[in-house]
Amino acid sequence: MCLGWALAVSTSHAVDFKKSKVTQVVNDVQIISAADQKQKSAGVNDVFTMPDILRTGPASRAELVADDATVTRVGANTIFSFDPANRTIDLKQGSLLFHSPHGKGGGTIHTGSATASVLGSTLIVTTTASGGFKVLALEDEAEIKFLNGLKIKLQPGQMTFVLPGGNAISPIIIFRLDDLIGNSQLVKGFSQNLPSLPLILEQVRKQQGQIDSGGLEDTGKNVGDDADSKSVKVIDLNTLQQALDGSFKYPEGFNSAISLDAHINQSSLLSPSIPTPPNRVFVDAPFLLPGNLFFTGQPFTGFIGKNVYVNTVNAAPLHVNLSAYAGLREFDLVAADTLSIGGSVQFDGLAGGPFSILFSLIGGKQILVADGASIRADVANFNWASPGDLTFNSATVRNAGANTSFRLGSDLTFNNSSVDTAASLTADVAGDITLNNSSLRSDTMILTSSGGSLNFSGAGISANSFANFTADQSITADNSSFYGNSLVFNTKSGSVNLTRNYIQAQYLSVDSGDGILLDGSTQVLNVGSATLRAKNLATVQSADLSNIALLNMTANTITVADSTFSASGSYSFGTQTGQVNVNNGVNSGQLNLIHDSIGAVAITSASQVNLTSGPSSAVGIHSYAK
């Protein structure tokens, strides 16, 4: 998404690459020896040594990690190698994501007809049809040095094209960071999050703030893969999908399979009663969903039907045996229209294969799950995706393998339901995410509502490492429990309301585009350190803050009422004026303390608050002008 363009000048340095270890492989990834051109399938823990060649196929990707913690992610249909003599990355086609410790990332990129030196901590490089390439900066500055000595600088959320010849400047485009991280497989298509993901999310928040304030305006246009020195190509999604549908070569028998409904009530996907023929399983060649804009250009491998009904006649759980496909890196169960799960089902056999498989349930229009159903797949990556809404009523989703993800174009709702996954749980939806008396358990958790709100009521959230909750509008949590080493709540424009909850974390961060309400009635806060930031009003009421060792809160106006501070804790409050008002109503722009106490000692005077120039880690209550 392009918003505008600007130009800057700077300097850059190069970095030396030698070898990297393969940490994740999805589908077809090959390493070709530079010495004898022998080819082998890449596996986890393989070492990719320069100047060998790495090649990925359709719907494939790989992650490499070097000794200095540099992460290289390789997208689909990519071919690249590295020349250690002149420290040049030869990107013949495709896309790469680099993440390195600050100040070390990048190198000289060479494509078909362009060469330039690129430096940045987290950036994406993608070839273009003309032989050049484009560079996107995600969380830090990226510097580009051209062959003629000219240098330009990209800020986070900016991109530009290196044109054929490598000597010409094209416009710098501001793109939508939230759209990128929500849709790019280079960012979200791996089992482990990028180390820099929190920094990228912070840049997303800043950019959204600029859009909300009118500093940036979304043009609604999509950047293409071509440019000149004065302009860039823009594309229309409808035109793109039509072009893909017309030029894509579908496997034989696909049209018959996608035009007929399928009923899966038996363990084998090849059972004649599904019905088959026609052939419904396509694993030798990928396929698209014709005319589906939500899955524009996304290839699938696996089972396809028009409407697919799973376990519509069995009272007992249905075991679907997928062991015949365990040798694949991806297997998708795809309905062109509606995928309907009518009862409990367990997908077996995929965990025993040689690869970390991606198993997806795809609804071209919608996924329906029967009340009380249990759905289980113990795989490396268990993915649900649909443009429609998805509701679970008294249902369970289980994955003892590793990661579970939800990607929806509408709402995601859990009523008296649960999701339990061994590693990462992610949900990226365009609508609301709602949990009513439901639980989510994982090692790491990222819930993102890009166009709606997050709502927790009687919910139980448990994340061993960290949980990040982001909403375009508001976040509301009532009578819920949150466990995690790090808990982050972030809204772009709406408020964050946390009432009557149990929160236990080493670190708590709340960042609101509007206001914060922390209502501690029957609430327990066991938090090592907390940072709360609101654009307008932050209110804490009836809260026991004595278990928070370090608290920093900023807002235009802050009110703390009927609450208790610890005599040994450190509390800093930044307001518009930094002034303190005690037991005298609420004054705008000030820190208002109403009927509060430090331990058993009542706060009756502003003299009990230390006036400082900024946040302080010293014991006591501190007020400052932010």
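The values are calculated or read from the model by the stated rules, or taken from the named source; none is laboratory data. These numbers come from a predicted model, not from an experiment. Every residue, glycine among them, receives a Cβ derived from its backbone with ideal geometry; neighbour counts consider all protein chains shown. Side chains are part of the model used for accessible areas, which takes the heavy atoms of the whole protein and leaves out ligands, DNA and RNA. Shrake-Rupley method; radii C 1.70, N 1.55, O 1.52, S 1.80 Å.
Kindly establish whether Thr312 is more than 20 Å from Pro58 (Cβ to Cβ), part of a loop (DSSP other than H, G, I, E, B) and open to solvent by 10 Å² or more (accessible area, probe 1.4 Å). Spell out how you get there, then give the answer.
Details: more than 20 Å from Pro58 (Cβ to Cβ): yes; part of a loop (DSSP other than H, G, I, E, B): yes; open to solvent by 10 Å² or more (accessible area, probe 1.4 Å): yes.
Spelling it out, Thr312 is indeed more than 20 Å from Pro58 (Cβ to Cβ), part of a loop (DSSP other than H, G, I, E, B) and open to solvent by 10 Å² or more (accessible area, probe 1.4 Å).
Limited to the range 231-270, what total is found for residues that are among the polar types (S, T, N, Q) and modelled with pLDDT of 90 or more?
First pass over the range 231-270, keeping only residues among the polar types (S, T, N, Q): 231, 238-239, 241-242, 247, 255-256, 259, 265-268.
Checking which are modelled with pLDDT of 90 or more leaves us with 255-256, 259, 265-268.
Adding up the residues that qualify gives 7.
I'm trying to understand the selection: among the residues of the range 49-71, which are within 26 Å of Phe331 (Cβ to Cβ) and crowded, with 20+ Cβ neighbours inside 10 Å?
Scanning the range 49-71 gives Leu54, Arg55, Thr56, Ala59, Ser60, Arg61, Ala62, Glu63, Leu64.
List every residue pair whose Cβ atoms sit under 7 Å apart, with the two residues 6 or more apart in sequence or on different chains, where the first one lies in the range 312-328 and is over 15 Å from Ile357 (Cα atoms) and the second, anywhere, is small (Gly, Ala, Ser) and not in a loop (DSSP other than H, G, I, E, B).
Hits for this filter: Pro317/Ser374.
Please specify each residue of the range 280-309 satisfying the condition of being surrounded by fewer than 22 Cβ atoms within 10 Å (Cβ to Cβ) and charged (D, E, K, R). It would help to see each step written out before you state the result.
First pass over the range 280-309, keeping only residues surrounded by fewer than 22 Cβ atoms within 10 Å (Cβ to Cβ): 281-285, 287-288, 290-300, 306-307, 309.
Once the filter is applied, which keeps residues that are surrounded by fewer than 22 Cβ atoms within 10 Å (Cβ to Cβ) and charged (D, E, K, R), the range 280-309 yields Asp284, Lys306.
State yes or no: is Ser588 of a type in the set (Ser, Thr, Tyr), surrounded by fewer than 16 Cβ atoms within 10 Å (Cβ to Cβ) and in contact (Cβ under 8 Å) with a residue 60 or more places away in the chain? Talk me through it step by step, then tell me what you get.
Numbers: of a type in the set (Ser, Thr, Tyr): yes; surrounded by fewer than 16 Cβ atoms within 10 Å (Cβ to Cβ): yes; in contact (Cβ under 8 Å) with a residue 60 or more places away in the chain: no.
So Ser588 does not fit the description; no.
Would you please name the residue that is modelled with the highest pLDDT, looking only at residues in the range 207-221 that are within 13 Å of Asp178 (Cα to Cα) and in contact with a helix residue (DSSP H, G or I) (Cβ under 9 Å, 6 or more places away or on another chain)?
Looking at the filtered set, the residue picked out is Gln207.
Are there any strands (runs of 3 or more DSSP E) wholly within the range 544-626 with 2 or more residues that are out of contact with any helix residue (DSSP H, G or I) (no Cβ under 7 Å at 6 or more places or on another chain), and if so which? Talk me through it step by step, then tell me what you get.
Details: elements: 548-554, 557-561, 570-575, 580-582, 591-594, 620-625.
Filter on the range 544-626 gives 548-554, 557-561, 570-575, 591-594, 620-625.
Any idea which residue in the range 456-482 is surrounded by the most Cβ atoms within 10 Å (Cβ to Cβ), counting only those that are of a type in the set (A, V, I, L, M) and in a strand (DSSP E or B)? Let's see the steps before the verdict.
The first filter runs over the range 456-482 and keeps only residues of a type in the set (A, V, I, L, M), leaving 459, 461, 463, 467, 471, 475, 477.
Keeping just the survivors that are in a strand (DSSP E or B) gives 461, 463, 467, 471, 475, 477.
Numbers: Ile461: 25, Ala463: 23, Ala467: 24, Ala471: 27, Ile475: 25, Ala477: 24.
Only one residue fits best here, namely Ala471.
Can you find even one residue in the range 174-189 that is surrounded by 21 or more Cβ atoms within 10 Å (Cβ to Cβ), more than 28 Å from Arg533 (Cα to Cα), of a type outside the set (Asp, Glu) and at pLDDT 85 or above?
Looking through the range 174-189, at least one residue is surrounded by 21 or more Cβ atoms within 10 Å (Cβ to Cβ), more than 28 Å from Arg533 (Cα to Cα), of a type outside the set (Asp, Glu) and at pLDDT 85 or above.
Run Ala530 past the list (1) at positive phi; (2) open to solvent by less than 30 Å² (accessible area, probe 1.4 Å) and report the number of the one that doesn't hold.
All conditions are met except number (1).
If only one of Gly431, Gly372 is in a loop (DSSP other than H, G, I, E, B) and either of a type in the set (A, V, I, L, M) or farther than 25 Å from Leu288 by Cα (or both), which one is it?
Numbers: Gly431 fails: either of a type in the set (A, V, I, L, M) or farther than 25 Å from Leu288 by Cα (or both).
Just a single option satisfies the conditions, and that option is Gly372.
Provide a single number: the residues in the range 593-626 that are among the hydrophobic types (A, V, I, L, M, F, W, C) and either touching a Pro at 6+ places or on another chain (Cβ under 9 Å) or open to solvent by 40 Å² or more (accessible area, probe 1.4 Å) (or both). It would help to see each step written out before you state the result.
Taking the range 593-626 and keeping what is among the hydrophobic types (A, V, I, L, M, F, W, C), we get 593-594, 598, 600-603, 606, 609, 611, 618-619, 621, 625.
Next, only the ones that are either touching a Pro at 6+ places or on another chain (Cβ under 9 Å) or open to solvent by 40 Å² or more (accessible area, probe 1.4 Å) (or both) stay: 598, 600-602, 606, 611, 618-619, 625.
Qualifying residue count, the range 593-626: 9.
Which pairs do you get when a residue that is among the small types (Gly, Ala, Ser), found in the range 10-28, comes within reach of a residue that is open to solvent by less than 20 Å² (accessible area, probe 1.4 Å) and modelled with pLDDT under 70, reach meaning Cβ atoms under 8 angstrom, with the pair 6+ apart or on two chains?
Here the result reads Ser12/Gly106; Ala14/Gly106, each pair linking the range 10-28 to a residue that is open to solvent by less than 20 Å² (accessible area, probe 1.4 Å) and modelled with pLDDT under 70.
Yes or no: Ala377 in contact with a helix residue (DSSP H, G or I) (Cβ under 9 Å, 6 or more places away or on another chain), surrounded by 19 or more Cβ atoms within 10 Å (Cβ to Cβ) and not charged (D, E, K, R)?
On the way: in contact with a helix residue (DSSP H, G or I) (Cβ under 9 Å, 6 or more places away or on another chain): yes; surrounded by 19 or more Cβ atoms within 10 Å (Cβ to Cβ): yes; not charged (D, E, K, R): yes.
Taking the combined requirement at face value, the residue satisfies it.
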